[in-house]
Amino acid sequence: MSIALPIGLPARSTLAAEGVEILTGDDLRRRGDRPLRICLVNLMPDKIATETQIARLLGATSIPVALTLCVPDSYRSKTAPKSHIATFYSSWSQIRDERFDGLVVTGAPVETLPFEDVTYWTDLRAIFDRAKARIPSSLYICWAAQAALYHFHAVPKHPLPAKIFGVYRQRVANAESRLLRGFGAEFPVPVSRHTEVRAADLPEQAGLTVLAESAEAGLCLIEDRENRAVCMFNHLEYDAGTLREEFLRDRLAGKPVGVPANYFPDNDPTRFAMNVWRPPAALLFGNWLREIRRTAWSPVVDEPPAPDGSDLPISAAARFLASALHH
């Protein structure tokens with residue numbers, strides 16, 4: 001288990017204490033490892049918590065990963081220290097021409113706004129389009145998943161009568177999907193949403209495949225092959241205590257929030273929940289990385305490879321060399 005993270009990022013010490021090998025990109029190159037380069041567009045309010053959650057799952061496999069942190073150019077955080085953003089994050093325009101193997105875009109606390117009213121909507125749409133053209137696979141989480149489906153397919157989101165909040169069993173709807181290898185018939189997922197995307201609104205000819213859903217919580221996971229995207233409407237990345245923190249925060253703010261369903265032992269908020277969704281979370285992220293490595297280590301469609309194959313990933317370069325020797 002290894003991941004390359006920026007020096008000084010708080011997640012480094014947290015994950016190192018959990019037994020994850022923390023490296024730099026130079027460390028991986030010296031060892032001869034070709035890491036998957038993953039860009040994380042982090043729109044969540046608690047930047048440090050989300051960085052750590054995503055890095056933990058990306059670093060939980062035998063596939064080396066190098067993580068780059070990013071925000072849209074017009075994005076302005078109201079909660080993260082400016083020094084943290086300035087030190088560890090790049091704006092999208094700074095890195096848009098770099099080659100990445102995967103993109104992760106998180107949820108954001110703008111769920112009840114129309115998409116067009118989000119201040120960085122234009123920049124986020126540009127990221128979606130660039131990812132479709134240049135990045136082999138993208139993983140969109142919660143609001144970002146809704147936003148991607150709206151951008152690519154005009155799929156609307158609908159307000160819920162009340163926030164759906166808790167841990168809900170999701171039914172595997174497509175057991176043949178490589179993304180769900182190792183899953184059983186059902187798996188638990190934390191849900192925290194005021195809005196939803198409905199199956200009835202999915203365009204029939206768009207090539208969208210529902211991979212998992214819940215009778216209580218609706219759609220959970222969709223694969224959008226045309227746009228090289230995976231849309232997860234819920235929060236497998238959450239820590240054991242994240243729903244508890246949200247519950248206490250909303251209650252303190254006087255918001256109408258119920259006890260998260262199927263979460264606290266005996267429905268008692270004074271007791272701490274177990275992270276029963278960690279195994280499926282690790283499986284999904286691991287399967288996603290393995291699919292990137294299996295299928296996407298080839299030249300980007302709009303960028304021809306160098307004649308000598310020097311700019312290809314290791315597996316693609318090996319095929320190139322074998323072909324050259326054959327001819």
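Some points to look at:
- Rough spin-label spacing in nm, given labels placed 7 Å along Cα→Cβ, for ALA206 and ASP27: 4.1 nm
- Gain upon complete extension [GLU186, HIS153; 0.36 nm per residue less C-alpha separation]: 9.1 nm
- Note on LYS78: lysines with a C-alpha under 22 Å away, same-chain residues under 8 apart excluded, are LYS47, LYS255.
- Extended-chain gain in nm, criterion 0.36 nm per residue less alpha-carbon gap, LYS255 and ASP129: 41.7 nm
- Cα centroid separation, the range 194-227 to the range 8-74 (Å): 28 Å
- Heavy-atom accessible surface of the range 127-207, averaged per residue, reaches 41 Å², computed with a 1.4 Å probe.
- Expected 222 nm ellipticity per residue - DSSP helices of 4 or more, -39500 (n - 2.57), all of the chain, to 500: -9500 deg cm²/dmol
- Pairwise centroid distance, computed over Cα atoms, of the range 85-103 with the range 128-149, Å: 15 Å
- Radius 9 Å from Cβ of PHE233, net charge of other residues (Lys, Arg +1; Asp, Glu -1): 0
- Once the Cβ-Cβ distance of ALA240 and ALA17 is raised to the sixth power relative to R0 = 22 Å, the FRET efficiency obtained is 0.85.
- Around ILE3: net Lys/Arg minus Asp/Glu count, Cβ-Cβ under 15 Å: -1
- Taking 0.36 nm per residue of separation and subtracting the current Cα-Cα distance, fully stretching the chain between ARG271 and VAL110 would add 55.0 nm.
- Förster radius 25 Å - calculated FRET efficiency between SER93 and ARG178, Cβ distance, rounded to 0.05: 0.15
- When the residues MET1, MET232 are ordered by accessible surface, computed with a 1.4 Å probe over the protein chains alone, the sequence from largest down reads MET1, MET232.
The values are calculated or read from the model by the stated rules, or taken from the named source; none is laboratory data. Quick caveat, the model's predicted, so the values are computed rather than measured. Glycine gets a Cβ as well: all are built from the backbone with ideal geometry, and neighbour counts include every protein chain shown. Accessible surface areas use protein heavy atoms only, side chains included; no ligands, DNA or RNA. Shrake-Rupley method; radii C 1.70, N 1.55, O 1.52, S 1.80 Å.
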